[in-house]
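Comments concern the structure below.
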Amino acid sequence: MNHFEEIALIAGKDLRIEGRSRVALNQIAPFAILVIVLFGFALDADRTTLQTFTPGLYWMAVLLSSVLAVHRSVAVEAGEGAREGLLLSGLRPASVFLGKAVALVAQLLIVAIVLLGGVLIFYSASIEDPVLLVTSLLGAVLGVGAAGTLYGALLGSQRARETILPILLLPVLAPVLIAATRAFGDAMGTTGTDGWAWTQLLYAFAAIYTAFGVLSHGVLMEEN
Amino acid sequence: MVLLGRFPALAGASLVVEPGESVLLQGPNGAGKSTLLRLCAGLLRPERGEATVLGRDLRTDRRSVRSSVGYVGHQSMLYDDLTVGENLRFWGKAAGVDDSQQRAAADRMQIHGRLFDVQVARLSAGQRRRTALAVAAARRPELWLLDEPHAGLDQDGRDIVDALITDAADAGGAVLVASHELDRVEPVVDRRVIIEGGQATEKPFPATGAGSDA
């Protein structure tokens, strides 16, 4: 098998598992919606204030949900020792990383799209530049997927990974939160920043973590 | 010697298994039987000493060793949310095994018909083990590493494992079996090695076949 076939094999397997368990759709997406509803209650704000804060609240909800998705992605391999099976299979570690990242990105996209519908409804948010919004959303999700897969592999079979994962991952995702919030602010017309410049940062973040994951995943699989 | 966390294991073990040989590993719980099997599978790195599997050095060439062994440990390495058939296909493709080889291995482990469509999470322990054995068998390994292979199996399953050990050795492969079931394994292996205190010591089978650990 070439690299692409290996990536498709791993991604297909993870997506098939997700299709059967529906964790992203039935658990993570509702959790994300719940978070934005609770943000609305907590801020007790009028509609204008909520619209102003929509980009930040949206991305906070996405990042919190992404921790659950990453945890699920790691748990799939940890359950019955499948991680060792992957080592024994001879699949290239870079393919395993990219395959898992692709599957995670696909699941996060579902959550992000559901959540976008949520903020449009609950916060009465509007979209002024849909191209910027979609481009920045994709860049942010790619970055979260790459960094999440990398940190998931880093924690691997650690017993305390449920609690350590958010402590390690959320600070790493802070640049995504900042850049995606600014880009969304521009796309939704709530801030006057240059959203495309922030979007470039999102893609740079995704590229760096993808490269780092591809290069280091072999060592991480061996050590965990 | 390997390190399990900070603790050394198999510090003085020396064992040679020739092609066509099947060896039973025995010893008390925690003696290092599973560690030795995992070491030979390339899942652990030797810290000191010499460790060569199928002519390849485990310190430098673990990746190529892994693809040539059939390791079945305590965990099935299967995905609970996938069916038996989906697991067999996934692991077969991952290892570069063609469909006919995969089907033959499944047949050999008596995995037929509706069992292919059952989710692994719903399998009994014995069915799960047979599926894990089918995944490993499809790769036609040169070295079998079996950790308590009879555990959870019914009589038919046990007979299948016995035949697998015998056939593998007859075909020129090597087999290492860790088991507490001396009576069960003795008829299908060539010799017996006791792992205890970090040492590997060859011992003859007891004349009475008492089934003890050592």
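What to note about this one:
- Verdict on B:Val175 being assigned by TED's automatic domain parsing to the domain that holds B:Leu39 and not in a helix (DSSP H, G or I): yes
- Selected residue (only one of A:Ala61, A:Ala78 is modelled with pLDDT under 90 and either buried (at least 24 other Cβ atoms within 10 Å of the Cβ) or closer than 18 Å to A:Gly152 by Cα (or both)): A:Ala78
- Within the stretch B:126-150, tally of residues that are crowded, with 17+ Cβ neighbours inside 10 Å and either of a type outside the set (A, V, I, L, M, F, W, C) or at pLDDT below 90 (or both): 12
- Scanning the stretch B:131-147 for residues that are farther than 14 Å from B:Ala94 by Cα and among the β-branched types (Val, Ile, Thr) yields one hit, B:Thr131.
- Only residues that are out of contact with any strand residue (DSSP E or B) (no Cβ under 8 Å at 6 or more places or on another chain) and within 14 Å of another protein chain (Cβ to nearest Cβ) were counted across the stretch B:141-176, and they come to 1.
- The set of residues in the stretch B:45-64 that are free of Cβ contacts under 8 Å to residues at least 40 places away in the same chain and either assigned to a strand (DSSP E or B) or not assigned by TED's automatic domain parsing to the domain that holds B:Pro19 (or both) comprises B:Thr52, B:Arg56, B:Asp57.
- Counting only helices (runs of 4 or more DSSP H) that sit completely within the stretch A:1-89, those holding 2 or more residues that are under 24 Å from A:Val119 (Cβ atoms) correspond to A:29-43, A:47-78.
- When B:Val69 is tested against (1) open to solvent by 10 Å² or more (accessible area, probe 1.4 Å); (2) within 21 Å of B:Ala151 (Cα to Cα), just one condition goes unmet, and that condition is (1).
- Residue match in the stretch B:108-124 (condition: assigned to a strand (DSSP E or B) and either away from chain A (no Cβ under 14 Å) or touching a residue at least 40 places away in the same chain (Cβ under 8 Å) (or both)): no
- Residue count for the stretch B:84-99, restricted to those that are more than 7 Å from chain A (Cβ to nearest Cβ) and either touching a Ser or Thr at 6+ places or on another chain (Cβ under 9 Å) or crowded, with 22+ Cβ neighbours inside 10 Å (or both): 4
- Look at the stretch B:25-44: where a residue is under 13 Å from B:Thr201 (Cα atoms) and a partner is basic (Lys, Arg) and in a helix (DSSP H, G or I), sitting 6+ places away or on another chain with Cβ atoms under 6 Å, you get B:Leu25/B:Lys33; B:Gly27/B:Lys33.
- The stretch A:1-57, residues that are open to solvent by 80 Å² or more (accessible area, probe 1.4 Å), within 12 Å of chain B (Cβ to nearest Cβ) and among the aliphatic types (A, V, I, L, M): A:Met1
- Single unsatisfied condition, A:Leu104 versus (1) away from every other protein chain (no Cβ under 14 Å); (2) open to solvent by 10 Å² or more (accessible area, probe 1.4 Å): (2)
- Residue in the stretch B:7-21 that is surrounded by fewer than 22 Cβ atoms within 10 Å (Cβ to Cβ), modelled with pLDDT of 85 or more and in contact with a strand residue (DSSP E or B) (Cβ under 8 Å, 6 or more places away or on another chain) present: yes
- Residue count for the stretch B:100-125, restricted to those that are closer than 19 Å to B:Ala151 by Cβ and open to solvent by less than 10 Å² (accessible area, probe 1.4 Å): 3
- Failed item, numbered, when A:Ser66 is tested on (1) open to solvent by 70 Å² or more (accessible area, probe 1.4 Å); (2) in contact (Cβ under 8 Å) with a residue 60 or more places away in the chain: (1)
- Unmet requirement for A:Tyr123, which otherwise passes all of (1) open to solvent by 10 Å² or more (accessible area, probe 1.4 Å); (2) of a type outside the set (Lys, Arg); (3) more than 21 Å from the chain's Cα centre (by Cα): (1)
The values are calculated or read from the model by the stated rules, or taken from the named source; none is laboratory data. Everything numeric here is computed off the predicted structure, so don't read it as measured data. Heads up, the Cβs are rebuilt from the backbone with ideal geometry, glycines too, and the neighbour counts pull from every protein chain shown. To get the accessible areas, we keep the full protein, side chains included, count just its heavy atoms, and leave off ligands, DNA and RNA. Shrake-Rupley method; radii C 1.70, N 1.55, O 1.52, S 1.80 Å.
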